[in-house]
Structures are given as C-alpha cells and as structure tokens.
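For reference, the structure discussed in these notes is given below.
Computed from the coordinates by the stated procedures, all read-outs in this text should not be read as laboratory data. Model, not experiment: these values are computed from the prediction. Methodologically, a virtual Cβ is constructed for each residue, glycine included, from the backbone with ideal geometry; neighbour enumeration extends over all protein chains shown.
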Amino acid sequence: MRLDVVSIFPEYLAALDLSLVGKAAKSGLLDVHLHDLREWTYDRHRTVDDTPYGGGAGMVMKPDPWGEALDAVAPAAGPSQPRLIVPTPAGRPFTQELAYELADEPWLAFACGRYEGIDARVAAHAAERMRVDEISVGDYVLNGGEVAVLVIVEAVARLLPGVIGNPASLAEESHSGDGLLEYPVYTKPPSWRGHDVPDVLLSGNHKLVAEWRHDESVRRTAERRPDLLAAWGAAVGHKADEVE
Ligand code: 6GU
C-alpha cells in the first residue's frame, strides 16, 4: 500500500517510522511519502492561509498550494488515483469498519488541514478525479489533521496481511467481532499487590472461561459504552437493558 501525506508539519509524521508501521514500511508492505505543503508556495513568507470569506475567527487554508500539492502527488493524467482522506472534526466517524475498507485500497493520500480547515473547493475539485472522504477520529477538536493521520494509518496498517504476527489477535479485540468491548486480561503472577487473578481463569475449564469473558465483555460495554450495548442487543435479538 502506498501512502502520501501532505502537511505543513511533515516532521509530525516521523512517528510512522517507528513500531509496527515502521516495520511494515521497512519490509516494503507500506510505501510512505511525506510532503511539505509549503513546497507549493511561492511568496517570501510561504503563506498557506488567509482570512475566511463571510468573516469570522481564524484562518482558512488557501486552495492554490493544496491544488498544486495534490496535482504533484496524484497527477490528473496518471494511470491511477489515490483515495483521498481529509481529516477534519466535521468528517464522518472513523470506525473499525472503515479501517478494514481502507486496508483494501492500494493507495491512500492524506491532506492535513490546520487552522479552521481547507478551502472547501479543494476537496470538491479533487473529487472530480478521486474518491474523497472527510473523516473525524472522534468528538473532540485537534489543532490539525496530523495526529488523526497517525491514528488512521496505525489502524489500517495493522490490518494489512503480514503486518501483525498472529492474525487471530485481530479477531478477538474490541470493535472487531461481536460488537462488545474486550474483556479484562491477566498474566502471571496469580496474586499481585493484593489483587488476585479471577479463579475461573486458573481453572483450566475452557467453557467456564469463555462464559466469564463474555459476561465481562457485556458488563464493561454496559458500563462504558451503552450505545454499543444497545446495538449489540438489537443484533443479538434481545433487549439491551436486560444484562444477564
Ligand atoms: Cl480528523 N482533525 C482535527 N483537526 N480534529 C479532529 C479530528 C480530525 N477528529 C477529531 N477531531
């Protein structure tokens, strides 16, 4: 998979060289290209923003540098086009389902906005030749799209075949299979600072262990994510407020 990221802070994306994503890049599974948006500015101050039409606080990213950056990354006459992701708090939610969908793409490009966002014509124009998704990583406001790109790339990269050593670990985790949060996990020693591992996990009874884990998943989801529990209850076909 090829990744292009355009940002005024490409150094922010240096973290992509680390850990699992970095290993994927070194092994050739990921081909990461970082670009400084200011390469496509020509004035003395390398200006990327301007005041908003219609007034209001903050600054808007100018369309010209973005138009040229996207032309350079993905020439209009090229043999293929990337799927363009524009991280924004005004986007549709990033979910595990969308991560799986993006993991199927051969080429993703990311346009990192700062300030109050990018002139809306940039996404409209890009959409004439490539698929464009404006995506939010949660209901809070970041100063720019860079950290959101790190989130999205890490979630997507670990789904690529060969990136995770044991693919079975993908199936069991929260937000994957059954729509419940993951159960709590323990390792040795059996007693630590006055806190004991639940007896059932030491019992060797696989059926009881499976039942305990399911119950803990339901309990956790009810406590922390009642919205997910309601969806799970509807899918499983019983009332969400009747927690066994
Ligand atoms: Cl994708 N970008 C920014 N700037 N803030 C966010 C976000 C994205 N998702 C949540 N907050």
Query raised in the report: Under a point-charge model restricted to the Cβ atoms of Lys and Arg (+1) and Asp and Glu (-1), what is the dipole moment magnitude of the stretch 1-117 relative to its Cα centre, in debye to the nearest 20?
Result: 180
**Report entry** Loop sites in the stretch 158-244: trypsin sites (Lys or Arg not before Pro), DSSP, at most 14 other Cβ within 10 Å
**Finding:** Arg193, Lys239
Query raised in the report: Can you pull the three principal axis extents for the Cα set of the stretch 176-236, in Å, largest first?
Result: 38, 25, 16
Requested in this report: Per residue, how big is the convex hull around the C-alpha atoms of the stretch 107-244? Give it to me in cubic angstrom, could you?
Outcome: 199
Query raised in the report: Over the stretch 33-111, what is the mean sequence separation of C-alpha contacts under 8 Å (at least six apart), divided by residue count, expressed as relative contact order in percent?
Result: 23
Query raised in the report: Rounded to the nearest 500, what is the chain's calculated 222 nm mean residue ellipticity when only DSSP H runs of at least 4 contribute -39500 (n - 2.57) each, over all residues?
Result: -10000 deg cm²/dmol
Report task. Between the alpha-carbon centers of the stretch 96-152 and the stretch 1-58, tell me the distance in whole angstrom. Result -> 12
Report summary line: Which residues qualify? For Trp107, with a placed amide H closer than 5 Å and at least 5 residues away or on another chain, they are Arg2, Arg83
Query raised in the report: When DSSP beta bridges are limited to those with both residues in the chain, what percentage is antiparallel, rounded to the nearest 5?
Result: 20
Report summary line: Amide H contacts under 5 Å for Gly113, restricted to residues at least 5 apart in sequence or on another chain and with H modeled in the peptide plane, are Gly145
Report task. Give the calculated FRET efficiency between Glu173 and Tyr115 to the nearest 0.05, with a Förster radius of 30 Å applied to their Cβ-Cβ distance. Result -> 0.25
Query - In nm, spacing of pseudo-spin labels at Ile164 and Lys23 (7 Å Cα→C-beta vector) - result: 1.3
Query raised in the report: By how many nm would the segment from Asp31 to Lys188 lengthen if fully extended, with 0.36 nm per residue of separation less the alpha-carbon distance?
Result: 52.6 nm
Requested in this report: From the P(r) of the chain, can you give the percent of Cα pairs sitting at distances over 30 Å?
Outcome: 42
Query raised in the report: Got a sec? Charge dipole of the chain, +1 on Cβ for Lys and Arg, -1 for Asp and Glu; which of Gly91, Val153, Gly113 is way out at the positive end?
Result: Val153
